[in-house]
Amino acid sequence: MVWNTLGSGLDVTSEPEVSVNDRDHDDRGPRKGETVQRSRVDRHMTFKEMFELLLDHGCIDLSSKMDSTQNSRSPVSVGGFGEIWTSRLYDGTKVAIKVWRASEIEQCEAKALKHAAKEVYYWSRMNHPHVHQLRGVLKFRENCLGMVSEWMDNGNLREYIRKNDNVDRYEMIHGDLKAINVLVSSDGVAKLADFGLSTISGASLGFSDTSNPQIGTTRWAAPELVVGDAPKSKESDVYALGMTMLEIITEEVPYPQCHSDYQVIAKIMKKIQPERPMTQLKDNNRDNQMWNLLVSCWSHEPVSRPSAQQVLES
């Protein structure tokens with residue numbers, strides 16, 4: 001998974017398993033007059049139930065600590081099912097609020113609801129110096145799920161690289177699926193963000209299966225995810241890490257000559273890897289070593305890819 005690319009320093013905070021009987025997992029829902037204590041997010045849950053369940057499983061409600069008068073007048077970024085707003089806690093800390101709109105969740109039925117809850121829960125379990133920390137959650141403007149984290153003045157890694165030509169692109173790689181999902185703190189530390197596609201083994205809060213699961217952006221996704229039915233794995237993360245390293249070096253997305261996902265998929269099916277950018281990776285010992293590392297990360301066979309630790313030590 002994404003956090004495994006960081007090495008052994010990551011602490012996935014553990015908590016006791018919640019005992020749930022088989023009836024709790026019955027997609028038909030609870031029987032008439034029966035009260036069910038849920039331990040997973042499914043299509044029968046309301047927005048309120050989902051929010052309360054997240055609090056029961058360790059997420060912190062920051063509603064009472066947020067100075068709503070400091071909310072930005074409009075979102076600073078919009079995409080997918082959500083928006084990014086800025087605000088401040090009463091102690092003056094500037095924060096970002098990632099908002100999943102309740103109206104969008106309702107329109108997309110349980111899929112978007114589960115996706116939102118999954119991102120909040122898995123993000124809340126992450127504890128590492130290079131993971132952007134989730135401060136807590138809140139009901140933003142009463143009917144929206146908000147994820148609160150510290151505001152990063154330097155933006156994402158792609159923006160940071162473009163604004164700072166002196167950055168050593170080799171040293172800035174910390175292993176997320178793509179550069180826009182790596183934020184940079186005020187002191188230049190890279191922080192992984194966006195855990196919407198993540199999984200944790202042994203987590204106490206479960207999520208029912210959803211058809212057509214997202215595999216991540218195609219240009220960064222491993223072949224077994226794009227043209228096969230393999231689950232996400234450490235090996236697929238290493239593949240994406242290699243693509244992210246190439247993205248940072250070139251300041252372009254992988255396969256920049258392809259104008260659609262269909263063109264990218266066609267190349268992946270033919271086992272065509274990205275072309276070497278000779279302008280950035282010249283024919284010398286250091287650059288040749290870097291290119292060989294990238295090529296090994298992109299091996300079509302997952303077992304042939306290096307481990308995250310091997311990439312880190314290269």
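Here are the numbers for the structure shown:
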quantity	calculated
Pick from segment 228-265, criterion part of a helix (DSSP H, G or I), under 16 Å from the mean Cα position of the chain (by Cα) and not hydroxyl-bearing (Ser, Thr, Tyr), ranking: surrounded by the fewest Cβ atoms within 10 Å (Cβ to Cβ)	Lys234
Of residues in segment 199-224 being out of contact with any Lys or Arg (no Cβ under 7 Å at 6 or more places or on another chain) and modelled with pLDDT of 50 or more, the one nearest to Met269 (Cα to Cα)	Pro223
Total residues in segment 266-289, condition loosely packed, with under 14 Cβ neighbours inside 10 Å and part of a loop (DSSP other than H, G, I, E, B)	9
Any hit, segment 262-273, residues being touching a residue at least 12 places away in the same chain (Cβ under 8 Å) and within 22 Å of Tyr160 (Cβ to Cβ)	no
Strands (runs of 3 or more DSSP E) lying entirely in segment 80-161 (those with 3 or more residues that are more than 19 Å from the chain's Cα centre (by Cα), at pLDDT 70 or above and of a type outside the set (A, V, I, L, M))	82-89
Answer from Leu246, Leu241 - the residue that is hydrophobic (A, V, I, L, M, F, W, C), assigned by TED's automatic domain parsing to the domain that holds Asn164 and modelled with pLDDT of 90 or more	Leu246
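The values are calculated or read from the model by the stated rules, or taken from the named source; none is laboratory data. Keep in mind that what you see is a predicted model, and the values were worked out from it rather than measured. Here Cβ is always computed from backbone atoms with ideal geometry, including for glycine, and neighbour counts include all displayed protein chains.
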